[in-house]
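What follows is one structure encoded as structure tokens, with my remarks underneath.
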Amino acid sequence: MERILRIFLANGSFFTFFGLQIVCFWLIINYNSTQSEIASETWSLYGGWFRSGKDVIDNYLDLDEENEILLRENAQLRAKLPESYYDTTVDQDSIEDEARLQRFTYLATRVVNRTPYNPNNTFVLDRGEQLGVIPGQGVVGESGLLGIIDVTTSRYARAISILHLDTRISAGLKNKAFGTLRWDGQDARYMSLSDIPEYITVNPQDTVYTTGYSNVFPTGIAIGTISEIEVQPGTGNQLLRVRLINDPLRQDLAYVVQDLFKEELENLNTTE
Amino acid sequence: MRGNSLGANVGRFVLLFFLQVFVFRQVSLGWSGKEYLFIWLYPLFIAALPLRTPRPGVVALAFLAGLSVDIAYGTLGLHASAATATGYFRQFPLKFLEPKDGYKTKSTPEGRDLGQAWWVRYLAYVTVFYCVFYFSVEAFSPVFWQDILLKCLLSIPVSYLLSLILVSFLRPRL
């Protein structure tokens, strides 16, 4: 006891220094916003490291083997869950009309992956070449448009979202005026419809439909409603701000639109 | 302002505190929204505490000095931390800068026994230690080592020179 006391007295300055430093750091972390943020950030970064070190010690106490057995069992059980299977049942729906030939068929798919929200959004569907999905086909949701197929593999397909800076969709109004629908990368709720001639009367809340001119989407699918009208000076055109009726970033179910006449129409388009 | 009496030390603290808070606080240079040059004068108070002060006392007084500067600067804990560390660190340069015949702890009227050359070396240690420690604590993460380095490189020479000039006026008796 006396020795401890002597050590304490001999190093009084160190203990004072150490104790006061603790007080200082407590003050810094509690009363300075920048430093407290850095401290919590550092803790979140290295806390994991600290905990994993603790785990190593725990495992060392003969839990390693036990864990391994449980992990394998888990993996086995997980493989048996429905999510682990690639669904091969095909839900295909089509517009049935006796008087006309079938043109569009719809293939039900699910969005299995998507990019984080950014100016160039894409998503992945769980249907691919096996079921006739090819690049250039449109993707629609329960309401509204979702995107256009971009790349395909045998089981999956990647689509560029309509919320992608490169997307151009032919869209028009009920009165047959049409233009190009694109996204400016700013607000996921709005797209802009350009190239509508200035002399066409447009009213707010008019519905914007697909024209079907590009053979990607069928004619007449509602895309959204007009929220703002802006005449572009000097071009003779007006720019319409379109409020989308769906939220393409949150749709889970999607239908791939397969145009049975696409090839034929494309031949026509490319013929000089 | 000479001597090592309680009054002299209190006076020195008041003077340095006011210079620090009311004059040199206004001085800060930087670019692109960040300040890199600061002038820290009050560590001189810690450096100039009498040699006979018990070491824990030096640490505690340094803490109080740092804390009062903190309150003026609105950075509670930062200066206190750096000052406390400087107060603890002070004993090391004092130990190896000790003259051959030891420090004369008995006060002599003019106190020329520790000349300007001695102060030049001693203050360099104290200022560098204080600045490095303070900017490290301020950045609070080694990730910002570039900022720390830049601030130290800019602030140390200016703080050091000003401290030297000031100490030649105050020339405390240790």
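The values are calculated or read from the model by the stated rules, or taken from the named source; none is laboratory data. Worth saying up front: this structure is predicted, and the values here are computed from it rather than measured. Note: ideal-geometry Cβ built from the backbone for every residue, glycine included; neighbour counts use all protein chains shown. Calculation scope for accessible area: heavy atoms of the full protein, side chains included, ligands and nucleic acids excluded. Shrake-Rupley method; radii C 1.70, N 1.55, O 1.52, S 1.80 Å.
What to note about this one:
- Test: residue in region B:31-42 that is assigned to a helix (DSSP H, G or I) and either touching a residue at least 40 places away in the same chain (Cβ under 8 Å) or surrounded by 15 or more Cβ atoms within 10 Å (Cβ to Cβ) (or both): no
- Selection from region B:45-71 of residues that are small (Gly, Ala, Ser), surrounded by fewer than 24 Cβ atoms within 10 Å (Cβ to Cβ) and modelled with pLDDT of 90 or more: B:ALA60, B:SER68
- Count - residues of region A:128-158 that are within 20 Å of A:ASN246 (Cβ to Cβ), assigned to a loop (DSSP other than H, G, I, E, B) and charged (D, E, K, R): 1
- A:LEU239 meets all of the listed conditions (1) out of contact with any Pro (no Cβ under 6 Å at 6 or more places or on another chain); (2) under 14 Å from A:PHE104 (Cβ atoms) but one, namely (2).
- Index of the failed condition, A:ASN67 passing every other in (1) surrounded by 10 or more Cβ atoms within 10 Å (Cβ to Cβ); (2) outside any loop (DSSP other than H, G, I, E, B); (3) at pLDDT 75 or above: (3)
- Among the residues here, B:ALA47 qualifies as among the small types (Gly, Ala, Ser) and closer than 20 Å to A:THR16 by Cβ.
- The residue of region A:9-40 that is farthest from the other protein chains (Cβ to nearest Cβ), among those that are surrounded by 14 or more Cβ atoms within 10 Å (Cβ to Cβ) and of a type in the set (Ser, Thr, Tyr), is A:SER36.
- When region B:45-92 is filtered for residues that are polar (S, T, N, Q), part of a helix (DSSP H, G or I) and within 11 Å of another protein chain (Cβ to nearest Cβ), the ones remaining, listed by number, are B:SER81, B:THR84, B:THR86, B:GLN91.
- Filtered residues of region A:242-255 (kept if open to solvent by less than 40 Å² (accessible area, probe 1.4 Å) and either over 10 Å from A:VAL111 (Cα atoms) or not in a strand (DSSP E or B) (or both)): A:VAL242, A:LEU244, A:ASN246, A:PRO248, A:GLN251
- Residue match in region A:43-51 (condition: part of a helix (DSSP H, G or I) and within 9 Å of another protein chain (Cβ to nearest Cβ)): no
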